[in-house]
Amino acid sequence: MTGSVTNVVIFGFRTKVFVLTMLTLLCPRCGNPAAHPLHKSVTKFTLFFIPLFPIKIKYTTQCTFCGVTNRLSKDQATQLLQQASGQPRSSQGHGVHQQHQYPPRT
């Protein structure tokens, strides 16, 4: 009797979500100025549970008042990050909230 060898390859996908910054934006759905976290979702191909390379990167914001989620392009997310990093700081070290507009849709 000859033995047969069975090769097993375990692969899949793993998504991690990162909060890049918190912004005060005027929500396009409810119209309220509310906090919107800017999320970056990175989906990676995994081989034997080891993440190897990204296959999808997605940027979104979510209104904390009504819960609507808006998808953004990388350029729009970069623009919002630049706006957030330019926010002035108060003397106590707390961030002064500025209201930003969503980047124009292209």
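We did not get these values from a lab; they are worked out from the coordinates using the rules stated. Please read all numbers here as calculations on a predicted model, not as lab measurements. Using ideal geometry, Cβ is built from the backbone for each residue, glycine included, and neighbour counts are taken over all protein chains shown.
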- Message: Taking θ = phi - 60°, what integer Hz values does the Karplus form 6.51 cos²θ - 1.76 cosθ + 1.60 yield along the stretch 59-76, in sequence order, with x for Gly and Pro?
- Response: 10, 9, 10, 9, 6, 7, 8, 10, x, 5, 10, 10, 8, 10, 7, 4, 5, 5
- Stretched fully, the stretch from Leu47 through Asp75 gains (0.36 nm per residue minus C-alpha distance, one decimal, in nm) 7.0 nm
- Message: Quick query: amide H of His36 versus all other amide H atoms, modeled in the peptide plane; which residues come in under 5 Å with a sequence gap of 5 or more or a different chain?
- Response: Leu23, Thr24, Leu25
- Item | Note, ³J(HN,Hα) from phi for the stretch 11-24, Karplus 6.51, -1.76, 1.60, rounded to Hz, x at Gly and Pro | 9, x, 9, 9, 10, 10, 10, 10, 8, 7, 6, 10, 10, 9
- Message: For the stretch 2-90, take N as its residue count and report Rg(C-alpha) divided by 2.2 N^0.38 Å.
- Response: 1.59
- Message: So for each of 44-50, 79-85 I average, over its residues, the number of other beta carbons within 10 Å; can you give me the resulting order with the highest mean first?
- Response: 79-85, 44-50
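What is the packing order of peptides 29-35, 59-65, 6-12, 18-24, taking the mean over residues of other C-beta atoms within 10 Å and listing the highest first?
59-65, 18-24, 29-35, 6-12
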- Read phi for every residue in the stretch 42-58 and hand back ³J(HN,Hα) as whole Hz from Karplus 6.51 cos²θ - 1.76 cosθ + 1.60, θ = phi - 60°, with x for Gly and Pro. 10, 9, 10, 6, 10, 10, 6, 6, 9, x, 9, 8, x, 10, 8, 10, 9
